[in-house]
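Peer 1: Quick one: the structure is below, and I'll ask about it shortly.
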Amino acid sequence: MEEIFGVLPDNILFMRVQPAYMAKIRKEYTTNPEFDPTKVAKASSAAEGLCKWVLAMEIYDRVVKVVAPKKVKLAQAESDLAITMEQLNKKRAELKEIEDRLAALQEKFQNMVDEKNKLEYQVVFVFVCQKCCFAYLCLYDFCSSQHALV
C-alpha cells in the first residue's frame, strides 16, 4: 500500500495516488461503464464504497494538477506582495518624515513672514512718526519765526 499512495505535503489527510497507478485507474476503471457505484452496489456495499473512493481520488488528482501550479504562483505572489508592502511601508515612513519636516518648515516660514510683517509695520510706523515730527518741527520753526517777526 505504501508504494501506491503518497502523502500530499499541504494536507496529510488526503492521500494522492502515484501517477502510474492513476494512469491505470483512468485507462481501465473510469472508462468502464460497469464501474459505476450504483451498478457495483448491487454486488457489494464495500465495493460501492471503494468505487466511489476511486472515482473521488481520480477527480481529486485532476484538481490537484490544476491547483498545484496556482498554489506555487500564489505563494510567489504573496512573497512578492510581502516584499512590496515592506518597501511601501518604508517609503510611507520616509514620506511621513518629509511631510513632518515640510510642516515644520512651513510653520517656521509663516512665523518669519509674520515677523517680517510686524517689522515692516514698525518701520512704517516709525517712518510716519518721523515725518509727523519733522512736519511738526518745521511748522513749529515756521510759527516761531513768524512770531519773532511780529
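The values are calculated or read from the model by the stated rules, or taken from the named source; none is laboratory data. Worth saying up front: this structure is predicted, and the values here are computed from it rather than measured. A quick note on method: Cβ atoms are made from the backbone with ideal geometry, for glycine too, and the neighbour counts reach across all protein chains shown.
Peer 1: Taking the conditions exactly as written (modelled with pLDDT under 90 and either closer than 30 Å to LYS27 by Cα or touching a Gly at 6+ places or on another chain (Cβ under 9 Å) (or both)), does ALA68 satisfy them or not?
Peer 2: yes
Peer 1: Only one of these is in a helix (DSSP H, G or I) and either under 30 Å from the mean Cα position of the chain (by Cα) or touching a residue at least 40 places away in the same chain (Cβ under 8 Å) (or both): GLN122, GLN76. Name it.
Peer 2: GLN76
Peer 1: Does at least one position in the range 5-24 carry a residue that is modelled with pLDDT of 95 or more and basic (Lys, Arg)?
Peer 2: no
Peer 1: Also, quick follow-up: Among all residue pairs at least 6 apart or on different chains, which show Cβ distances below 7 Å where the first residue, located in the range 42-54, is closer than 18 Å to ILE25 by Cβ and hydrophobic (A, V, I, L, M, F, W, C) and the second is assigned to a loop (DSSP other than H, G, I, E, B) and modelled with pLDDT of 90 or more?
Peer 2: Once the first residue is closer than 18 Å to ILE25 by Cβ and hydrophobic (A, V, I, L, M, F, W, C) and sits in the range 42-54, its partners that are assigned to a loop (DSSP other than H, G, I, E, B) and modelled with pLDDT of 90 or more give CYS51/PHE35.
Peer 1: Here is a follow-up. Considering (1) surrounded by 10 or more Cβ atoms within 10 Å (Cβ to Cβ); (2) without any contact (Cβ under 8 Å) to a residue 60 or more places away in the chain, say which one VAL66 fails and leave the rest.
Peer 2: Answer for VAL66: the failing condition is (1).
Peer 1: Next question. Any chance you could count how many residues in the range 19-41 are assigned to a loop (DSSP other than H, G, I, E, B) and either in contact with a strand residue (DSSP E or B) (Cβ under 6 Å, 6 or more places away or on another chain) or farther than 12 Å from GLU58 by Cβ (or both)?
Peer 2: The total comes to 5.
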